[in-house]
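Notes follow once the structure below has been shown.
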Amino acid sequence: ARAAAGIKILIEDDRPLAQIRSLLDKAGKGRGQVMLGLQIDEGGKPDIEADIKLKETFAINPATRHQIRVLPGVREVYDI
């Protein structure tokens, strides 16, 4: 009942990807959609954001969301 419909994870670079994957695997299968967002700096131009929607869905809960949020390289995590 406390599972989110999904989350979007804004990352700075690829550093947290393996840890994010591990935490999502621990959370297990569920209905929560996961999107990864990466802001790309175009050297003085406005940032471009690339979003990647994962094919799998996971059981996202507040604890998992918090564990992802505190990883180095994660800018923000929010519900979608």
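Values for this structure:
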read-out: Qualifying residue in segment 18-29 (condition: assigned to a strand (DSSP E or B) and modelled with pLDDT under 90); value: no
read-out: Candidate set: segment 33-65, residues that are open to solvent by 80 Å² or more (accessible area, probe 1.4 Å) and of a type in the set (Lys, Arg); chosen: the one farthest from ALA5 (Cα to Cα); value: LYS45
read-out: Qualifying residues in segment 66-80 (those that are open to solvent by 40 Å² or more (accessible area, probe 1.4 Å) and touching a residue at least 24 places away in the same chain (Cβ under 8 Å)) - the one farthest from LEU23 (Cα to Cα); value: ILE80
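The values are calculated or read from the model by the stated rules, or taken from the named source; none is laboratory data. Source: prediction; values computed, not measured. Cβ: placed from backbone, ideal geometry, glycine included. Neighbour counts: every protein chain shown. Protein only, heavy atoms only, side chains kept; ligands, DNA and RNA dropped before computing areas. Shrake-Rupley method; radii C 1.70, N 1.55, O 1.52, S 1.80 Å.
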